[in-house]
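A short write-up of the structure that comes next.
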Amino acid sequence: MISCADLDNGMKPLSQYSDSVQKWAFIFDPSAISQKERLRELEWFEYVSRDLQGISIRSTAENIQTHYWESLFLSRAFEEITGIKVEHKIQPEGDLVPELMDQIENNNYLYDIYVNDADLIGTHLRLNSVINLTTYMERDGWQYTNPYLDLDDFLNLEMGQDYDGNQLQLPDQQFANLYWFRYDWFSRKDIKKLFYQLYGYELGVPLNWAAYNDIAEFFSHNRIDGNKVYGHLDYGKPSPSLGWRFTDSWLAMAGVGDQGIPNGLPVDDWGIRVEDSIPVGSSVIRGGATDSPAAIYALQTYLDWLNKYAPSDAQLWEWVDAGTRAAQGDIAQRIFQYTNWLSDPSFHSLSSPVTYNDGSPRWRVAPSPHGKYWNEGMKSGYQDCGSWTIPRGIDGKKRAAAWLWAQFCVSKTVSLKKFLEGGTPVRISTLNSPYIRKRIDSYGGLIEFYLSASQKQWTSSSLNVPYYSEMAEIWWKNITFALTGELSSEETMTLIALEQDNLMSGLQLLQFNPRIEVGQGRDFWLSRSGSPKPENPDAQVPETMSYEKILQRWRTGK
C-alpha cells in the first residue's frame, strides 16, 4: 500500500502521472495547496481505489449550492480518477432526514453515505446507528484513509464527535447564522445623524435586541433616497425550516440556556436539561427551559418583528425564499442570515443593488445581537455542520468507496474551489490561503469571523437532543399556532415543552436514554441560579458598536 512517506519521496515528472490526475490537478486551481501537492493527493486516490473500480455508490445531501456542485462536478472528477461511480442525490433537508431515519432504524438500504447535519449527533450516538469513523480510520479503513486528510485543519471537527471525542460524522460544509446589514447605509452621515436625533445613540451594529428593534423601527419608518425599505427580514411559512428558525439557536440568542460552550450545561439551547449526558426534561417543572420566561420572550420577539418590520409577504416564505431576499436592496438588516446564501451571485454581481460598481459588497456580517436573558459565556449563535455520515449497515467495499468519496469532497486539493462555489468553508487552510487573503474584503467580514476565536461560540444542536427528527417537527407545527394567533407565545412554548417531554419519555434508545421524571414545580426551579431563569421585567438598554471595532476584535481574538 502506498504511504504518505512514499508519496513525499521526491517529485515525479508531470508526464509520469496519469492523464486524469494531471487534468484534475490543473482544474482544481486555485487551491490551498501547490500543484505538486495536488498531484500527489490525487494520485493517492487513484492508487488506493484500484480494487474498487467499477463500484457504484449512492449518496445524498441537502439542496444548497455546495452540494449541487459536488453532484454535478466533483462526482465526475472522482469517477475519472478512481473508477468509482457516484450518484449524489440533492434533496430538501426535510426529505433527507426521514430517509436517513428509515435506513438506520429499519435497515432499509437507500444510500451508502449521507451528508447529514451534525444536529443529529445526539440521535446517532444514542442509536449507535452510524460508523465510528475514528475506529474505522484506525482499523478496517486505515488503508483507505487519506494520508493528507489532516484532521487538525478542519473547522469545528468537534461538532461531529460523541461525548468521548470519537468522530461519528466528518464535516463536509458549514455555514453560520450571523447578523447582516447594509454597511453603506449605516455609514452615511445623514442617516447616522437622523438616527442619533431620534434615538439618542450612535447607529451601529446592534449588540442587543433592544438596539436591533430601534434600528428595525428606524429603517421601516424612514425612506432611503425616497425608497421604501424594511428594517427586518424573516420568514414564517409552516414547514420544517420554520422549526430551524428556532432550534438553530434562536433561544440561545435570547439567553434561554446556561453558560458553557458548546450548548450550555446543564440546560442547553433547546431548553433541555441534561444530567450525566441524560436528558431529564424540557419543561420548567423538570428543570428545563423550553417554556421559561426567556423562551416565551424569544418567540414573542420573533412574532413582533415579523409583523412590524419585515415585508408583508414574509409569512409566506420558507428559509430558501428568504435566503437571498436581502440582495434585492430594500433590506437594512437581518438578525438571522444563513451565510451560505451570501455566495449567491445576487450578493456579488455588478448589477446587484447591494454591491458597488467595482463589485465589492455594500453589506457586512457581524455577531448576532443578544436578548435580555443572555450572559457572557453563553453560546452566541448557530453553525450548521453538514457532515458525512455512514450508516452502520454499509460495510466492505461499499463502505470503503463511500469513505473515499467523502474524503475527496473535503480534500485540500478540492476545498478552496468548493468554497468559491458554495461559500461553505470546511478547512482552515482554505481561509488562510493567499487566494482568499487577497480577496478578504469581498466577503464582508465572513473570513474574519471564521478565523476568529469568537466563531467557536456558534455551534450546532447538541448531543443533548436525543431524537432530532421527531423533536424538530414539534417546533414548527406548534409555532404555526402562534403565527396564526390560535395560541399565545406562552401557550405555544408550554405545548412544545410538554410534547418534547412526552416524546422523550417514550424513547427506548441504546445508550444515554432520556429519563423524564415527575417535576418539582416552576417555583422550585425559577428560584435557583442558572437556567431556567425567572421573569426579567427590565427593558434592555440599547447598545451598538462600530463595525470597524468588531472587525478589530475578531482579528485580535477578543
Practice prompt. Select from segment 446-472 the residues that are in contact with a helix residue (DSSP H, G or I) (Cβ under 7 Å, 6 or more places away or on another chain) and either in a loop (DSSP other than H, G, I, E, B) or among the charged types (D, E, K, R) (or both) and list them in ascending order.
Written response: GLU448, SER452, SER460, SER461, SER462, LEU463, ASN464, VAL465, PRO466, TYR467, GLU470
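Residues are listed down the side, and each one gets a yes or a no for (1) farther than 24 Å from ILE436 by Cα; (2) in a helix (DSSP H, G or I):
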residue	(1), (2)
TRP24	no, yes
ALA32	no, no
ARG38	no, yes
GLU41	no, yes
PHE45	yes, yes
GLY54	yes, no
ALA61	yes, no
HIS67	no, yes
GLU70	no, yes
Discussion item. So, GLN143, is that one part of a helix (DSSP H, G or I), in contact (Cβ under 8 Å) with a residue 12 or more places away in the chain, within 26 Å of ARG40 (Cβ to Cβ) and over 23 Å from the mean Cα position of the chain (by Cα) or not?
Written reply: yes
Worksheet item: Is it fair to say GLU486 is at pLDDT 95 or above, of a type outside the set (Ser, Thr, Tyr) and either within 29 Å of GLU376 (Cα to Cα) or surrounded by fewer than 21 Cβ atoms within 10 Å (Cβ to Cβ) (or both)?
Response: yes
Worksheet item: What number goes with the only condition from (1) modelled with pLDDT under 95; (2) of a type in the set (A, V, I, L, M); (3) surrounded by fewer than 22 Cβ atoms within 10 Å (Cβ to Cβ) that LEU463 does not pass?
Response: (3)
Worksheet item: Give me the pairs: first residue in segment 1-27 and closer than 18 Å to PHE78 by Cβ and at pLDDT below 50, second residue polar (S, T, N, Q) and exposed (fewer than 15 other Cβ atoms within 10 Å of the Cβ), beta-carbon distance under 7 Å, and six or more apart or on different chains, which are they?
Response: none
Discussion item. Can you find a residue that is touching a strand residue (DSSP E or B) at 6+ places or on another chain (Cβ under 9 Å) and hydrophobic (A, V, I, L, M, F, W, C) anywhere in segment 16-34?
Written reply: yes
Worksheet item: Just a yes or no: is a residue in segment 455-467 touching a Cys at 6+ places or on another chain (Cβ under 8 Å) and closer than 22 Å to MET378 by Cβ?
Response: yes
Fill in: Conditions (1) in a loop (DSSP other than H, G, I, E, B); (2) without any contact (Cβ under 8 Å) to a residue 60 or more places away in the chain; (3) surrounded by 14 or more Cβ atoms within 10 Å (Cβ to Cβ): number failed by ASN108
(3)
Item to complete: Consider only pairs whose beta carbons are under 6 Å apart and that are at least six residues apart or on different chains; among these, list those whose first residue lies in segment 414-430 and is over 13 Å from ASP150 (Cβ atoms) and in contact (Cβ under 8 Å) with a residue 24 or more places away in the chain and whose second residue is assigned to a helix (DSSP H, G or I) and polar (S, T, N, Q).
Response: LEU416/THR430; GLY422/GLN65; GLY422/THR66; GLY422/SER343; GLY423/ASN340; GLY423/SER343; THR424/THR66; THR424/ASN340
Practice prompt. All but one of (1) surrounded by fewer than 24 Cβ atoms within 10 Å (Cβ to Cβ); (2) more than 30 Å from ALA332 (Cα to Cα); (3) of a type in the set (Phe, Trp, Tyr); (4) in contact with a strand residue (DSSP E or B) (Cβ under 9 Å, 6 or more places away or on another chain) hold for TYR114, so report the exception by its number.
Written response: (1)
Item to complete: Answer yes or no: is there a residue in segment 544-558 that is surrounded by fewer than 13 Cβ atoms within 10 Å (Cβ to Cβ), assigned to a loop (DSSP other than H, G, I, E, B), within 26 Å of the chain's Cα centre (by Cα) and not small (Gly, Ala, Ser).
Response: yes
Worksheet item: Is it the case that some residue within segment 173-182 is assigned to a helix (DSSP H, G or I) and farther than 19 Å from ILE394 by Cβ?
Response: no
Worksheet, complete the sentence: Expected output for segment 440-455 (first residue touching a residue at least 40 places away in the same chain (Cβ under 8 Å) and closer than 15 Å to PHE347 by Cα, partner part of a loop (DSSP other than H, G, I, E, B) and polar (S, T, N, Q), Cβ below 7 Å, 6+ apart or cross-chain) is ASP441/SER360; SER442/SER360
Response to the item:
Taking segment 259-282 and keeping only residues that are surrounded by fewer than 24 Cβ atoms within 10 Å (Cβ to Cβ) and in a loop (DSSP other than H, G, I, E, B), one is left with GLN259, GLY260, ILE261, PRO262, LEU265, PRO266, ASP276, SER277
Worksheet item: Has segment 379-394 got at least one residue that is under 30 Å from ARG76 (Cα atoms), touching a Leu at 6+ places or on another chain (Cβ under 9 Å) and among the aromatic types (Phe, Trp, Tyr)?
Response: yes
Discussion item. Being out of contact with any helix residue (DSSP H, G or I) (no Cβ under 9 Å at 6 or more places or on another chain), over 14 Å from ILE390 (Cβ atoms) and either surrounded by 14 or more Cβ atoms within 10 Å (Cβ to Cβ) or of a type in the set (Asp, Glu) (or both) is the filter here; which residues of segment 117-139 pass it?
Written reply: LEU125, ARG126, GLU138
Worksheet item: Pick from THR480, THR484, THR459: which is polar (S, T, N, Q) and over 24 Å from the mean Cα position of the chain (by Cα)?
Response: THR484
Worksheet item: Looking at this structure, is GLN35 surrounded by 13 or more Cβ atoms within 10 Å (Cβ to Cβ), touching a Gly at 6+ places or on another chain (Cβ under 9 Å) and not hydrophobic (A, V, I, L, M, F, W, C)?
Response: no
Worksheet item: TYR212: part of a loop (DSSP other than H, G, I, E, B) and buried (at least 22 other Cβ atoms within 10 Å of the Cβ), yes or no?
Response: no
Discussion item. Among the listed residues TYR212, TYR201, TYR196, TYR179, identify the single one that is free of Cβ contacts under 8 Å to residues at least 60 places away in the same chain and over 30 Å from TRP403 (Cβ atoms).
Written reply: TYR196
Practice prompt. Taking THR492 as the residue in question, decide whether it is at pLDDT 95 or above, surrounded by 21 or more Cβ atoms within 10 Å (Cβ to Cβ) and hydroxyl-bearing (Ser, Thr, Tyr).
Written response: yes
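The values are calculated or read from the model by the stated rules, or taken from the named source; none is laboratory data. Predicted model, so just to flag it, every value in this text is computed and none were measured. Because the Cβ atoms are built from the backbone with ideal geometry, glycine has one as well, and the counts that use them run over all protein chains shown.
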